[in-house]
Amino acid sequence: MSFSFGFFWESLADLAPYALVNLQLGAIAFVLAVTCGTLLTIVRSFKIAPVNMVIGVFISFVRGTPLIIQIFLCFYALPSAGIDMGPMTAGIVAIALNSAVFISELQRGSLRALAVGQLEAATALGLSPLLIWAKVILPQLFRRIVPMLLNEATIVVKGTALLSIITVVELLRAAQQIGAADFRPFEPLVGAALYFLVINLVLATATERVERKIAAERR
Amino acid sequence: MTQPALAAKDLSLAFGDHWAVDRVSLTIARGEVVALVGPSGCGKSSLLRCLTRLEPPQRGTIAIDGEPFGRVGEGGALQSRRTIDRMRPKIGMVFQDLNLWPHLSAIGNVMRPQRVVLGRTEEEARTRAEALLARLRISELAHKRPAQLSGGQRQRVAIARALAMDPALMLFDEPTSALDAELIGEVLALLKELASTGMTMLVVTHEIGFARHVADRLVFMDGGRIIAAGPPSDIIERENHPRVRAFFNTMLAFRTPD
Amino acid sequence: MGFDPNVVLDYWPQFLEGAALTVRIVAVALVGGLILAAIITAASFVRFAPLKALIMVYLAVVRGIPFIIIVFLVHYGMPFAGIRLPALTTGTIALTLFASAYYAEVLRATGLALPQGQWDSARAVGMSPGEAVRHVIVPQILRPSLPPLTNYTMTMTKESSVLSAITVGELTYQGLVVQGNTFAPFEVFFVVAGIYWIIPALIARATLALERKLGMEENAPGTLSPLARRYLVLDRRER
């Protein structure tokens, strides 16, 4: 058996629309993740002991268990609690929650590096905590973590491939279907891999550009 | 007559089409102290890297104590990599940044090359290391890590490490540049002391006072070439070459007491 | 919705079997990945452009595509090389390749952070490249590499769950099987998640002990002003 380039190009063409599916799923999940993650960070800063303890357990769980299991829990287990989501929604929620936790941890790490002097100035000026968060902390935080956020975005997009297991028809599943139809599984898989690679490269280039811009601004 | 400690002929090193070292010939006799002086970018550091073959020269030959190092004669065959590696420590190099190994203690830094490269036993290496540390008056620092040492102390460790390999000559790359101003005098005194024991030395330096009082010969480099060489006072005061003149006029204008 | 512990208790042997296989696969991928990563890292520092390009491409590809696709590619790609291997083998190979790329990234980064002068001084004193690497470079790379290496090992452990997609009988697969039998997804996946949860915790404990043995300082929050602590520290425990 040898690699059929003809079939490979065919598959590439057939898979194109599905690449968009992953991009869309990833985009939605990522936006959700950033929002939830930031909210999570703000809530954690209130330092209400019981709340933070629960959050702590949740974070430990999400970080310590495989994403696929979290996806299974959202898709298979939640219905028995009355929350019935279609595979796509369940998948997006699972990926978003997962990423939100990591984003919150990223923000937590970056918070340390923030200049304390600014906080002192802001408080001295009489700004309310809410304003301090909105105007002083968050903007700086995001500037610092943008490269890491982009990295997280690539992880989110890669995560969307797992949704194939819960029957979402995205790149990987489409590739499997094409492969099954012709009994040649390999070529479409390479095609799917290529699409993911391209998406990753685009995000990586964007990251580099942002990093350079930040480095220039620093001066 | 004994062989010179170092005999370099027609050394040339290019980076792309720029000749960092351009047909440099240099002979250093046993016990001689040579100061290598020149403006930034003149090729001093490149020459040092050439001499130790950390950067193999495109042309030229080097002989250490009469033994060919690198190539056997001009255009001759290249020695085996192992031969070259094992000969390299015959030139004891003390880097500007010292480059001590942070994961080893001071005495560890001095012992490890002896054991790995020279194959000395643990005991032999330790005896030699302790003797050198004592001679450099840092015996009590033997078990400290480089991070725990001052700049001057670290430099002594670096010198001990190079000396432990029984080199034919010692190469110092700007020994005073990495130090605080107060320590410069201390270092120069140390170098003077080492020189007085008969050590063959090639010192890249900006310290004109040192060149004048300690060095037997001053070699001036510019644009990858040696453009003047001779007794230090002659060169510093009487050399007519415009580049040399310009350099020393500037240096002497800002002179620190010799 | 109740939590029926019987599910867990009845199928305990399956879970254990799955967990055992997961640990075995991860162990192999860990060792194999490290060895491969060491080779890749060393090769990446050789001044030979085609080799370096090849390595960079390998690292970009393995880190750029989802692990599940790597698994499928290895599994369905084998027939092209004329070999038909069992899923367990192809899955382990895929995980090893995955680990090697991430480990190599860590080793390269630590290696690049090392000043060139360390290499120079080792060569200047007469060491061969091999001796320089062994006595000067590697000791300085090991310690700082340990935290990110551990981090990626935990990632790899979680990714091993994906091997269930090619029917390797590890922990997730057993979970799916039990779920198929009991139709109690919540209990099953919760327990499975729990077992996955314990493994990194155990690794973290082990690493902490290792770090202490190597004498590494822990990153303490240090002293912060009350104002800073109010905004910048999220855990009340940290002082």
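All of the numbers you see were taken from the coordinates with simple rules; none came from a lab. Keep in mind that this is a model prediction, so the values were computed, not measured. Because the Cβ atoms are built from the backbone with ideal geometry, glycine has one as well, and the counts that use them run over all protein chains shown.
Numbers below:
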| read-out | value |
| --- | --- |
| Count of residues meeting criterion [over 19 Å from residue A:152 (Cα atoms) and facing chain C (nearest Cβ under 10 Å)] in the stretch A:43-68 | 11 |
| Residue under evaluation residue B:130, criteria (1) within 14 Å of chain C (Cβ to nearest Cβ); (2) surrounded by fewer than 19 Cβ atoms within 10 Å (Cβ to Cβ), criterion not met | (1) |
| Selection within the stretch B:106-127 - touching a residue at least 24 places away in the same chain (Cβ under 8 Å) and either touching a strand residue (DSSP E or B) at 6+ places or on another chain (Cβ under 7 Å) or within 14 Å of chain C (Cβ to nearest Cβ) (or both) | B:109, B:110, B:111, B:113, B:114, B:117, B:118, B:125 |
| Test: residue in the stretch A:33-44 that is buried (at least 20 other Cβ atoms within 10 Å of the Cβ) and closer than 22 Å to residue C:172 by Cβ | no |
| Test: residue B:47 is within 14 Å of the chain's Cα centre (by Cα), surrounded by 14 or more Cβ atoms within 10 Å (Cβ to Cβ) and touching a residue at least 40 places away in the same chain (Cβ under 8 Å) | yes |
| Residues being in contact with a Phe, Trp or Tyr (Cβ under 8 Å, 6 or more places away or on another chain), within 30 Å of residue C:210 (Cα to Cα) and more than 14 Å from chain B (Cβ to nearest Cβ) - total across the stretch C:125-171 | 11 |
| Per-region count, the stretch B:92-129, residues of a type outside the set (A, V, I, L, M, F, W, C) and touching a Ser or Thr at 6+ places or on another chain (Cβ under 7 Å) | 2 |
| Residue ID - nearest to residue B:152 (Cα to Cα), chosen from residues in the stretch B:66-105 that are small (Gly, Ala, Ser) and more than 9 Å from chain C (Cβ to nearest Cβ) | B:105 |
| Unmet criterion (only one of (1) within 20 Å of residue A:213 (Cβ to Cβ); (2) touching a helix residue (DSSP H, G or I) at 6+ places or on another chain (Cβ under 7 Å)) for residue A:136 | (1) |
| Residue within the stretch B:77-95 that is in a loop (DSSP other than H, G, I, E, B), under 20 Å from residue B:111 (Cα atoms) and of a type in the set (S, T, N, Q) present | no |
| Criterion (surrounded by 19 or more Cβ atoms within 10 Å (Cβ to Cβ), free of Cβ contacts under 8 Å to residues at least 60 places away in the same chain and not charged (D, E, K, R)) met by exactly one of B:20, B:8, B:14, B:35 | B:8 |
| Any hit, the stretch A:45-55, residues being of a type in the set (Lys, Arg), assigned to a helix (DSSP H, G or I) and closer than 28 Å to residue A:146 by Cβ | no |
| Near pairs, Cβ below 7 angstrom, 6+ apart or cross-chain, from the stretch B:51-62 (facing chain C (nearest Cβ under 10 Å) and part of a loop (DSSP other than H, G, I, E, B)) to any residue that is surrounded by fewer than 20 Cβ atoms within 10 Å (Cβ to Cβ) and among the aliphatic types (A, V, I, L, M) | B:53/B:84 |
| Residue among A:123, A:65 that is hydroxyl-bearing (Ser, Thr, Tyr), touching a Phe, Trp or Tyr at 6+ places or on another chain (Cβ under 7 Å) and farther than 16 Å from residue A:29 by Cβ | A:65 |
| Residue within the stretch B:193-216 that is touching a residue at least 24 places away in the same chain (Cβ under 8 Å) and surrounded by fewer than 13 Cβ atoms within 10 Å (Cβ to Cβ) present | yes |
| Lone unmet requirement of (1) within 16 Å of residue C:123 (Cα to Cα); (2) not in a helix (DSSP H, G or I) for residue B:114 | (2) |
| Residue within the stretch A:103-116 that is hydroxyl-bearing (Ser, Thr, Tyr), within 10 Å of chain C (Cβ to nearest Cβ), out of contact with any Lys or Arg (no Cβ under 6 Å at 6 or more places or on another chain) and part of a helix (DSSP H, G or I) present | yes |
| Residue in the stretch A:76-87 that is in contact (Cβ under 8 Å) with a residue 40 or more places away in the chain, within 11 Å of another protein chain (Cβ to nearest Cβ) and of a type in the set (S, T, N, Q) present | no |
| Selection count where residues are surrounded by fewer than 17 Cβ atoms within 10 Å (Cβ to Cβ) and within 13 Å of another protein chain (Cβ to nearest Cβ), scope the stretch A:9-32 | 0 |
| Residues of the stretch C:101-138 satisfying the condition of being in contact with a strand residue (DSSP E or B) (Cβ under 9 Å, 6 or more places away or on another chain) and of a type in the set (Gly, Ala, Ser) | C:121, C:124 |
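Yes/no matrix, rows are residues, columns are (1) closer than 30 Å to residue A:111 by Cα; (2) not small (Gly, Ala, Ser):
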{"position": "A:146", "(1), (2)": "yes, yes"}
{"position": "A:162", "(1), (2)": "no, yes"}
{"position": "A:169", "(1), (2)": "no, yes"}
{"position": "A:174", "(1), (2)": "no, no"}
{"position": "A:178", "(1), (2)": "no, yes"}
{"position": "A:192", "(1), (2)": "no, no"}
{"position": "A:204", "(1), (2)": "yes, no"}
{"position": "A:213", "(1), (2)": "yes, yes"}
{"position": "A:216", "(1), (2)": "yes, no"}
